[in-house]
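The structure appears below as structure tokens.
Bear in mind these aren't lab numbers, they're just calculated from the coordinates by the rules spelled out. Just so you know, these numbers come straight off a predicted model, no measurement behind them. Every residue, glycine as well, gets a Cβ built from its backbone with ideal geometry; the counts of neighbours run over all protein chains shown.
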């Protein structure tokens, strides 16, 4: 900063090629949307005069006439930044998403300077599972993991995340995770009772920069000894799903009112049922015997009359 005073505006500006891929200047989820948003931002009212950037520094934003606006530098674990403009408050009044862009830009600048590392997480959908349901394939352990990139304020799965499972009395084994809905996911079916531990690690190159653990338990429960209480949440969900055909959830004290509603809504229905019997097809042998008896009787009558 040579102290050359202020450069008057208005100034049109844009991220440099380095700034387009830097987390500080990422104003949208994709690079294309971020660049389009930068182009729609209002002009700057002015900037401070700056000198040439050092060789180790990166210029992330500049004006169309070449004024340096945003410079960052890193040495070891220390980071510095020079922001030569202060009129980003105008972003909030210029367009619908200007306020979000203003908040995101300054937040990402502060988080980048704080050198916050990505945070890895791993979790299961429940802390406890029944062995019988797992063996019958009626249940499974859903494992989810991912990395929270604090600089970009987004939770995204990372190919550098590894998850291992430690079963009771066994060594850790890797878990095959599949990307799904912005995170990593796996489904397990343990076959033994006990406590299982999951560990997730995130790598930067070959170095581990973060790790975390969680655990779940598999137990064998007797359904006859389980608490015989109604699952009220499940009943409410069933009532909501069948509301279009009259589904209703009501507490026990309202049972008389529900019965009266059912009685008033019921209407008599007449059902007509036709049933056919195929006598010859269903019982051929009695009919054959009867036919033989008729032929025999006819022959006897003819013989008695002298016709035979």
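So here's what we get for this one:
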| quantity | calculated |
| --- | --- |
| Top of 36, 192, 250 by mean-square fluctuation, Gaussian network on the chain, Cα under 10 Å | 250 |
| Cα convex hull volume per residue for the range 179-308 (Å³) | 476 |
| The chain - Rg over Rh from alpha carbon coordinates, Kirkwood radius | 1.41 |
| Ordering of 23-31, 73-81, 268-276, 126-134 by packing [mean C-beta count within 10 Å, highest first] | 23-31, 126-134, 73-81, 268-276 |
| Degrees between helix 98-113 axis and first principal axis of the chain (Cα, 0 to 90, nearest 10) | 70 |
| Semi-axes of the equivalent ellipsoid for the range 119-219, Cα gyration tensor, largest first, Å | 26, 15, 10 |
| Rg ratio (alpha-carbon, reference 2.2 N^0.38 Å) - the range 1-157 | 1.43 |
| Gaussian network model of the chain, Cα within-10 Å springs - most flexible of 57, 230, 94 | 230 |
| Helix-only mean residue ellipticity at 222 nm for the chain, each DSSP H run of n ≥ 4 adding -39500 (n - 2.57), per residue, nearest 500 | -8000 deg cm²/dmol |
| Sorted peptide list for 106-114, 299-307, criterion being average Cβ within 10 angstrom, highest first | 106-114, 299-307 |
| Stokes-Einstein D in µm²/s, Kirkwood radius over Cα pairs - the range 64-111 at 25 °C with 0.890 mPa s viscosity | 198 |
| Difference of contour (0.36 nm per residue) and Cα-Cα distance, residue 94 to residue 238 | 47.0 nm |
| The chain: antiparallel DSSP beta bridges as a percent of all, rounded to 5 | 95 |
